[in-house]
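Colleague: The structure is given below, and queries will be raised subsequently.
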Amino acid sequence: KVRYGHRFDPDVESNIKPLLQWLSDLGMTDPDVRKVVAACPMVFRSRLEETSKPVVLWLKGLGMDNSQVAKTITKFPPLIGCRLEENLRPRVLCLKELGMDDSQVA
């Protein structure tokens, strides 16, 4: 049996299909989902509950609705695989220190 790192679950039923369904539930069209997966296949390396969902909740906390989140992820696919504490929060804090508010950051 092939062993993968703890962050990669190649199982279609337990990892890939739920992720694709979740992206669709956000309001992404099939072409948008294909674009995200093609541009950022690493999205399958991240776990939905640990990475992708927290990013979306955080974006919503900045004032985005599902439609805006879907557009943002479609435009910047790697965003869906970013870690909040390591990647996103420090960058947003830097932008806020420059005087930007949540609506400008979002």
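A quick yes/no check of all residues on (1) under 18 Å from Leu84 (Cβ atoms); (2) crowded, with 19+ Cβ neighbours inside 10 Å; (3) touching a strand residue (DSSP E or B) at 6+ places or on another chain (Cβ under 7 Å):
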position	(1), (2), (3)
Thr29	no, no, no
Arg34	no, no, no
Cys40	yes, no, no
Val43	yes, yes, no
Val55	yes, yes, no
Trp58	yes, no, no
Gly61	yes, no, no
Asp65	no, no, no
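Colleague: OK, next. Which residue pairs have Cβ atoms under 9 Å apart, sit 6 or more places apart or on different chains, and have a first residue in the range 26-39 that is free of Cβ contacts under 8 Å to residues at least 60 places away in the same chain and a second that is among the aromatic types (Phe, Trp, Tyr) and open to solvent by less than 50 Å² (accessible area, probe 1.4 Å)?
Modeller: Cβ pairs passing all conditions: Val37/Phe44.
Colleague: When you scan the range 75-86, how many residues do you find that are part of a helix (DSSP H, G or I), open to solvent by 50 Å² or more (accessible area, probe 1.4 Å) and modelled with pLDDT under 85?
Modeller: Total meeting the criteria: 2.
Colleague: State all residues of the range 87-105 that are touching a residue at least 40 places away in the same chain (Cβ under 8 Å) and open to solvent by 70 Å² or more (accessible area, probe 1.4 Å); if no residue qualifies, say none. Let's see the steps before the verdict.
Modeller: Step one: filter the range 87-105 for residues touching a residue at least 40 places away in the same chain (Cβ under 8 Å), giving 102-103, 105.
Scanning the range 87-105 gives a single hit, Ser103.
The values are calculated or read from the model by the stated rules, or taken from the named source; none is laboratory data. Small disclaimer: the values here were computed from a predicted structure and weren't measured. Don't worry about glycine lacking a Cβ; one is built from the backbone with ideal geometry, like all the others, and counts go over all protein chains shown. Side chains included, ligands, DNA and RNA excluded: accessible areas come from the protein's heavy atoms. Shrake-Rupley method; radii C 1.70, N 1.55, O 1.52, S 1.80 Å.
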